[in-house]
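Shown next, in structure tokens, is the structure this report addresses.
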């Protein structure tokens, strides 16, 4: 949960073209007041598999975002039940870099990848990926940059608008495929709307957490729920505002959910 920007990049051409685009995107990042902009990495073959990276490898999250999914066949009965089967498709070539927009904000990764034309599945055999050209699919959760301890609203706006500025550059370079901005700033360019959205989302997150926390009480097995929003210095004010905004039906549903085993861990 939390306000996030989702984005996809895509282009055609050779390695030199992809490399040039990534370098220009990185320069756009360097021109912004970001906390950190990493060096461009180029990885090939087994180097691109995030599963071979230890937990704290500096490139692991970048490579997790570089992977994509391939839909696998399901039976008609499974389809009617909404069952989906997917397998990881690891890129064969990655040109990318990591940024840290600011305190509290997730890393924002940008790059371009090539994927294999076919992959092997133990049950489904060889499958065509139908992936061609260069592409990138990623997201950046900017929400927790709004934590007052990180600088509050000004810090959030710096981070969120910075990510949008790089996507603007990608659009200018004709390598932007899609953007979904939960703050609606990409579409509207309205700071008023973005500010209102982050305030309401923070309030709703605080209220949801508060309702679940109260309903759970103190589970006998010691399990509990956690949320970054609970550490905000202004959590109680946000919770009160969210209580006002939250529909009664949602409050009732959360209380029922809290009484189930879904939030209490496997040992409940």
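The values are calculated or read from the model by the stated rules, or taken from the named source; none is laboratory data. Remember, predicted model here, so these are calculated numbers, not experimental data. Heads up, the Cβs are rebuilt from the backbone with ideal geometry, glycines too, and the neighbour counts pull from every protein chain shown.
Contact map, the range 80-98: residues that are in the same structural domain as residue 22 (by TED's automatic domain parsing) paired with residues that are surrounded by fewer than 10 Cβ atoms within 10 Å (Cβ to Cβ) and part of a loop (DSSP other than H, G, I, E, B), Cβ distance under 7 Å, separation 6+ or inter-chain. Pairs shown: 97/39.
Being at pLDDT 90 or above, assigned to a helix (DSSP H, G or I) and under 18 Å from the mean Cα position of the chain (by Cα) is not true of residue 177.
So if I check each of 169, 100, which one is at pLDDT 90 or above and in contact with a helix residue (DSSP H, G or I) (Cβ under 8 Å, 6 or more places away or on another chain)? So that I can check it myself, show each step before the final result.
Values: 100 fails: in contact with a helix residue (DSSP H, G or I) (Cβ under 8 Å, 6 or more places away or on another chain).
169 is the lone residue from the list that is at pLDDT 90 or above and in contact with a helix residue (DSSP H, G or I) (Cβ under 8 Å, 6 or more places away or on another chain).
Considered as a group, the residues in the range 85-99 that are within 24 Å of residue 2 (Cα to Cα) and surrounded by fewer than 23 Cβ atoms within 10 Å (Cβ to Cβ) include one that is farthest from the chain's Cα centre (by Cα), and that residue is 97. With a requirement of 2 or more residues that are under 14 Å from the mean Cα position of the chain (by Cα), the strands (runs of 3 or more DSSP E) lying completely within the range 100-148 that satisfy it span 108-114, 134-141.
Within the range 1-46, can you find the residues that are in a strand (DSSP E or B) and either under 20 Å from the mean Cα position of the chain (by Cα) or modelled with pLDDT under 95 (or both)? 4, 5, 6, 7, 8, 9, 10, 36, 37 - these are the residues of the range 1-46 that are in a strand (DSSP E or B) and either under 20 Å from the mean Cα position of the chain (by Cα) or modelled with pLDDT under 95 (or both).
Just to be sure, is residue 157 within 21 Å of residue 30 (Cα to Cα), at pLDDT below 95 and assigned to a helix (DSSP H, G or I)? So residue 157 passes the test.
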